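The values are calculated or read from the model by the stated rules, or taken from the named source; none is laboratory data. Quick caveat, the model's predicted, so the values are computed rather than measured. Because the Cβ atoms are built from the backbone with ideal geometry, glycine has one as well, and the counts that use them run over all protein chains shown. In case anyone asks, the SASA skips ligands and DNA or RNA and just uses the protein heavy atoms, side chains included. Shrake-Rupley method; radii C 1.70, N 1.55, O 1.52, S 1.80 Å.
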Amino acid sequence: MENSNDKNPSRRDFLKTSAVAIGATVATNLINNAAYAAGSDEIRIGLIGCGGRGTGAVDNAFNAAQGVKLVAMGDAFKDRIESCKAELGKKNADKINVPNDRMFVGFDAYEKVINTKEVNYIILATPPGFRPTHLKAAVAAGKNIFTEKPVAVDGPGIRSVLETYEQAKAKGLAIAAGTQRRHQTGYLETMKLIHDGAIGEIVAARCYWNQGGLWKKDRQPGWSDMEWQLRNWLYFTWLSGDHIVEQHVHNIDVVNWAMQAHPVSATGMGGRQSRTSPDYGHIFDHFAIDYEYENGMHLMSMCRQVVGADGNVSEALVGTKGKCQVNRYQITGANPWRMERKQGDDPDPYVKEHTDLIASIRTAKPINELKNVAESTLSAIMGRMSAYTGKVVTWEKALNSQESLVPAKLDWGPIAVPAIAIPGQTVLS
């Protein structure tokens with residue numbers, strides 16, 4: 001019988017050449033992965049984390065390619081699964097096949113989604129503190145992954161993710177991260193020129209994520225400490241990493257991308273001036289970090305979540321031959337350039353990252369963005385560590401930190417809110 005997959009010349013050619021290029025073991029894994037994912041070429045999503053971002057990510061995947069279905073869902077809370085399913089069903093009921101026995105609730109829901117045999121594409125959209133465990137389990141099960149950023153909240157988590165990256169690479173699994181600027185046409189065109197030397201050597205950089213406040217949910221009667229923290233996960237460092245990690249990682253990632261490197265140290269400050277109520281947990285509301293890269297280049301990084309203050313979400317580079325406002329796709333100086341925008345030239349990057357991931361699976365040319373996002377995440381963690389402690393923190397110190405923020409055992413009982421960090425007094429372990 002003819003295998004329909006053999007009709008795809010790109011996949012056949014790739015497998016033929018890869019067997020020579022990368023060795024028999026990895027090639028076998030790639031073949032198995034391609035066959036598993038391709039089968040009927042249908043992408044069958046298992047969603048872990050059914051809040052707003054998880055719902056949006058599935059909708060993005062539905063719009064990214066043909067032949068995509070949602071087949072399993074998991075979350076700590078049943079109501080989140082139900083609201084997510086209902087929201088997605090408004091536009092794409094025909095793309096949802098999630099019976100009750102493939103809807104999983106609780107802290108172990110992720111394992112049940114990952115082990116669902118119908119699933120070949122995992123979307124990870126829980127709070128970031130859970131990410132290292134979920135990534136490790138999904139790769140161990142041989143599943144392709146779309147993971148939201150950031151991918152950890154502490155040094156032990158990053159070390160786990162870097163090990164998982166190597167395992168995924170050996171298995172030939174495809175992994176895309178939610179750093180969507182790396183799939184955005186304007187950023188891609190601008191970054192190509194930067195890497196080709198349009199502004200010369202980069203000697204300074206700035207990046208910002210300054211905005212107003214975000215949502216919070218008032219504590220309800222009957223909620224345990226754990227439920228209250230999970231439903232307000234933004235405001236607890238063990239769950240979000242603080243907003244420098246959870247949100248500002250996007251802008252730090254752009255500068256790392258431009259530098260093709262990560263910073264080697266951070267000197268930071270920050271505090272909590274406007275969001276002082278215990279309702280906002282124990283995170284800061286502003287950070288300012290001076291990052292230094294190995295070549296001596298300094299990045300000035302700021303992020304703020306303060307109602308009424310000016311907003312700014314951007315990235316800028318200064319080179320020996322000119323300047324680049326990356327988010328505007330604009331270069332000035334010796335080689336001036338600006339991307340002319342035409343309708344359709346810059347497709348939705350939230351959709352494009354799924355389009356690229358799915359294409360890599362179907363053509364057996366797996367992309368793997370896990371190391372890049374792990375390094376950008378650790379860059380942000382390093383900045384938080386410096387701001388919390390008031391000390392200079394090096395890359396090695398952050399990476400090798402023994403400070404594990406996520407509780408060893410997760411249950412619905414009491415969980416204390418950590419003390420608000422005080423620079424000069426808080427100690428980094």
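The table that follows gives values for the structure above.
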read-out	value
Net charge dipole size for region 148-280 [Lys, Arg +1 and Asp, Glu -1 on Cβ; Debye, nearest 20]	180
Accessible surface of region 285-365, 1.4 Å probe, proportion on carbon and sulfur as whole %	48
Listed pairs LYS136/LYS216; LYS149/LYS397; LYS143/LYS365 exceeding 25 Å between Cα atoms	LYS136/LYS216
The chain - charge dipole about Cα centre, Lys and Arg +1 at Cβ, Asp and Glu -1, debye rounded to 20	420
The chain - share of DSSP beta bridges that are antiparallel (%, nearest 5)	50
Solvent-accessible surface ranking, highest first, for SER240, SER274, SER265 at 1.4 angstrom	SER274, SER265, SER240
Solvent-accessible surface ranking, highest first, for MET269, MET302, MET191 at 1.4 angstrom	MET269, MET302, MET191
Dipole of the chain [Lys/Arg +1, Asp/Glu -1 at C-beta], most positive-end residue of ALA266, ASN60, ILE422	ASN60
Fraction of the pair-distance distribution of region 243-330 above 23 Å, Cα-Cα pairs, percent	30
Estimated 222 nm signal from helices in the chain, with DSSP H stretches of n ≥ 4 weighted -39500 (n - 2.57), rounded to 500	-11500 deg cm²/dmol
Where THR116, THR355 fall by accessible area, highest first, once all protein chains stay in place (1.4 Å)	THR355, THR116
Listed residue (ILE158, THR237, HIS183) projecting farthest to the positive dipole end of region 155-272, Cβ model	THR237
With eigenvalues of the C-alpha gyration tensor scaled by 5 and rooted, region 180-231, Å	44, 13, 10
Accessible area of region 94-201 divided out per residue, in Å², using a probe of 1.4 angstrom	34
Cα convex hull of the chain, projected area averaged across orientations, nm²	22.5
Cys residues of the chain counted as unpaired, since no other Cys beta-carbon is under 4.7 Å	CYS207, CYS303, CYS324
Reachable lysines from LYS90, criterion Cα separation under 23 angstrom, eight or more residues apart if same chain	LYS69, LYS78, LYS352
